[in-house]
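Report on one structure; see the data block that follows.
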Amino acid sequence: MTNTQAQSTGNEAAFGFVRSLAAELSAGRVELPSFPEVVIRVRRVLTDPNSTVDKVVRVVGSEPALAARLMRIANSASLNTSGKSITDLRTAINRMGYNMVRSASMTFAMAQIRDNARLASVKPYLDELWERCSLTAAFSYVVARTCTRINADEAMLTGMMHAIGKLYILTRVVDHPELFASVAALNEVIDDWHAEIGKAILENWDFADEMVQAVGNQNDLERSLPEVADLSDVVAVAILMASFREDTALLNAALEGLPAVARLRLDAARLESVMKDFAAEVAALRSALGA
């Protein structure tokens, strides 16, 4: 078989793989290995309009490790400005708000997935993904709070969930190692499809429309609408901030001329201020999330 034929066969196999993922999502079969049952129950109780704080407390309290994570976030420097420690779960949940509870439960789930022995072959990808998601979540929170009137907790959750499509692909690809012997081929599939897959997952999980659209729009850096900054702008910019956080010059170059940056009024001076003034808060948020 020639190199061209092998490449063609690989492309066909990769397309078949993506098509099978699309069929799963269309059928509503969204399952991630080692995804804790408690996180599924948290998601359900938080989307139920009839749920009460008591119900949320009971569900979260059924998993001590998740409850401990929530307590840590509620007592983190970014939320506990008074310095007075919270010692009960109800108060912690009330302080955090439901969107941050969702973020905490998702980080808990991602930690469980990363430790799944079945996924050992893609663990480097999962570790990098976790690093990027936690950074994007923290930057989304800070950008939303400093540059918009968008709910910062919702932005944080969307930033945490922006790469759920990548996670979904990685948990499936371990069953098809022959398709992705090439790292470049795997990265191409992830880059081309993760946003749409992530959007479909959030739709399936009944996330808010704004969050669904933000995940779907994350690669559309040239969006000319809307006139006022929205959640999609916040997440798209936060992704770039997470990608180039160590090099301000590269970050400014990546952001230069983007409509989202103009809508956020995030010029070079303000960007530098946000990156510098809120570095400690970003670190605190990531630490609370478990990064």
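Rule-based calculations on the coordinates, nothing more; no lab input. None of these values were measured; they are calculated from a predicted model. Cβ placement follows ideal geometry from the backbone for every residue including glycine, while neighbour counts extend to all protein chains displayed.
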- LEU66 is checked against (1) within 29 Å of ALA138 (Cβ to Cβ); (2) over 21 Å from the mean Cα position of the chain (by Cα) and fails just one. What number does that condition carry? (2)
- In segment 189-200, is there at least one residue being touching a Ser or Thr at 6+ places or on another chain (Cβ under 9 Å) and closer than 22 Å to LEU66 by Cβ? no
- Note on the structure: All conditions in (1) crowded, with 18+ Cβ neighbours inside 10 Å; (2) more than 24 Å from VAL101 (Cβ to Cβ) are true of ALA200 except (2)
- Query: Here are some residues: LEU66, LEU79. Which one is part of a helix (DSSP H, G or I), of a type outside the set (Asp, Glu) and out of contact with any strand residue (DSSP E or B) (no Cβ under 6 Å at 6 or more places or on another chain)?
  - Reply: LEU66
- Query: Only one residue in LEU21, LEU79 is among the hydrophobic types (A, V, I, L, M, F, W, C), over 18 Å from ALA284 (Cα atoms) and crowded, with 18+ Cβ neighbours inside 10 Å. Which one?
  - Reply: LEU21
- Scanning segment 161-179 residue by residue, the ones that are in contact with a Cys (Cβ under 8 Å, 6 or more places away or on another chain) and over 15 Å from ILE113 (Cα atoms) total 1
- ALA229 versus (1) among the small types (Gly, Ala, Ser); (2) surrounded by 13 or more Cβ atoms within 10 Å (Cβ to Cβ); (3) part of a helix (DSSP H, G or I): which is the lone unmet condition? (3)
- Query: Any idea how many residues of segment 160-185 are closer than 25 Å to MET241 by Cα and over 20 Å from the mean Cα position of the chain (by Cα)?
  - Reply: 2
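Residue-wise test of (1) of a type in the set (Val, Ile, Thr); (2) buried (at least 20 other Cβ atoms within 10 Å of the Cβ); (3) out of contact with any helix residue (DSSP H, G or I) (no Cβ under 6 Å at 6 or more places or on another chain).
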site	(1), (2), (3)
SER51	no, no, no
LYS55	no, no, no
LEU66	no, yes, no
ALA74	no, yes, no
GLY83	no, no, yes
MET96	no, yes, no
ARG114	no, no, no
GLU131	no, no, yes
LEU135	no, yes, no
- Query: Restricting attention to segment 201-225, which residues are farther than 20 Å from THR136 by Cα and touching a residue at least 60 places away in the same chain (Cβ under 8 Å)?
  - Reply: ASN204, TRP205, ASP206
- Query: Restricting the first residue to segment 63-87 and requiring it to be at negative phi, which pairs with a second residue that is basic (Lys, Arg) meet a Cβ separation below 8 Å and a spacing of at least six or different chains?
  - Reply: ALA74/ARG95; LEU79/ARG95; ASN80/ARG95; ILE86/ARG95
- Note on the structure: Of the residues in segment 241-291 that are outside any helix (DSSP H, G or I) and without any contact (Cβ under 8 Å) to a residue 40 or more places away in the chain, the one that is nearest to ALA144 (Cα to Cα) is ASP267
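Of all the helices (runs of 4 or more DSSP H) wholly in segment 102-192, which have at least 2 residues that are farther than 17 Å from ARG286 by Cβ?
Details: elements: 123-147, 152-161, 164-173.
Passing ranges, in order: 123-147, 164-173.
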